[in-house]
Amino acid sequence: MRVTDRVREVLSYYDGERPGVKASLARLLMHGRTAGSGKLVILPVDQGFEHGPGRSFAANPAAYDPRYVFELAIEAGLSALAAPLGLLAAGADRYPGEIPLILKANNANSLGSVQDEAITGTVRDALELGCSAVGYTVYPGSDRQYEMFEEIRAATAEAKANGLAVIVWAYPRGGMLDKDGETALDVVAYGAHIAALLGAHIIKVKPPTAHIAQKEAKAAYDATGADLSSLPKRIAHVVQAAFDGRRIVIFSGGPARGDAEVLDEVRAIHAGGGFGSIVGRNAFQRPRAEALALLDGIIRIHLGEF
Ligand code: FBP
């Protein structure tokens, strides 16, 4: 398929970047049902690492099998599948070229007490698996944040030198942030901006609430008189915080919820100019047919179909 004008425009945001990296971004933007639209809908399956297997897969035991999530992403017509090394390695040779792959190359688990991640995959691993991108989580605010920034800086330099796109999962947490602060508008925007400054091509954040956690940020927002009361406006602000919309910002799905709630949120993401969705639990924790129906709805919304 020929690269569309819209995808060319999005790729132009990365002018100065290596051709190999741009080709990898193009591969993601030109695959699946959102191909050519400038939107991405990605299936992330790292929750087994982050939350544990029972919390992740007991609701739909078929998803314990890595082949299931490959097939779900392929059948739904998604842009990519993102997962840690072992999961990708368990399916990559069975479905070569059928779905772009993103190696989620650092991971945390729920058993430790420190907000930190270990590097669990290398650029070499990503290349051997045929990945288009590598992904890293950062926890802005955590007591380990500066080491994480340095690790990601080193890993992304190597990824870019090898033609891979870089996705940063920007999840503020730890340090002075309470639970409400993690998804506060100013904090989510701050996380997205830090990810852009770290050199991410694609930035993944949670949808922001109307809460403002830092009083200095609240004063700055109040001074502008900007109305940030609706989710589309808050989404637009987060996109603006990532180089004024010149970085692809996608929004995560969160814990499993009803279809209507998920789709309403996706409508707000679309209305606010978000570049897409990265939806894990709401996809693989549903029975296959229900997951495919929900993903179809998410894709159609991002395509502006309803
Ligand atoms: P979900 O759609 O399941 O929320 O997946 C998005 C994601 O970023 C995963 O990649 C990750 O495992 C998970 O959320 C982390 O969630 P949290 O940090 O809130 O526990």
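Here are the numbers:
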quantity: Members of region 118-158 that are touching a helix residue (DSSP H, G or I) at 6+ places or on another chain (Cβ under 8 Å), surrounded by fewer than 20 Cβ atoms within 10 Å (Cβ to Cβ) and part of a strand (DSSP E or B); calculated: I119
quantity: Failed condition for F243, given (1) more than 16 Å from the ligand (Cβ to nearest atom); (2) crowded, with 20+ Cβ neighbours inside 10 Å; (3) among the aromatic types (F, W, Y); calculated: (2)
quantity: Filter result for G54 (closer than 19 Å to P287 by Cβ, within 13 Å of the ligand (Cβ to nearest atom), in a helix (DSSP H, G or I) and of a type outside the set (A, V, I, L, M, F, W, C)); calculated: no
quantity: Any hit, region 48-70, residues being within 17 Å of the chain's Cα centre (by Cα), modelled with pLDDT of 95 or more, hydroxyl-bearing (S, T, Y) and buried (at least 16 other Cβ atoms within 10 Å of the Cβ); calculated: no
quantity: Residue tally, condition surrounded by 15 or more Cβ atoms within 10 Å (Cβ to Cβ), within 12 Å of Y139 (Cα to Cα) and not polar (S, T, N, Q), over region 92-117; calculated: 3
quantity: Per-region count, region 163-177, residues away from the ligand (no atom under 14 Å from the Cβ) and touching a helix residue (DSSP H, G or I) at 6+ places or on another chain (Cβ under 6 Å); calculated: 4
quantity: Among residues of region 280-306, those that are part of a helix (DSSP H, G or I), farther than 17 Å from Q47 by Cβ, out of contact with any Gly (no Cβ under 6 Å at 6 or more places or on another chain) and in contact (Cβ under 8 Å) with a residue 60 or more places away in the chain, counted; calculated: 5
quantity: Flag if R94 is of a type in the set (D, E, K, R), farther than 16 Å from I202 by Cα and either touching a Lys or Arg at 6+ places or on another chain (Cβ under 8 Å) or modelled with pLDDT under 95 (or both); calculated: yes
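The values are calculated or read from the model by the stated rules, or taken from the named source; none is laboratory data. Keep in mind it's a predicted model, so treat the numbers as computed, not measured. So basically every Cβ, Gly included, is an ideal-geometry build from the backbone, and we count neighbours across all protein chains shown.
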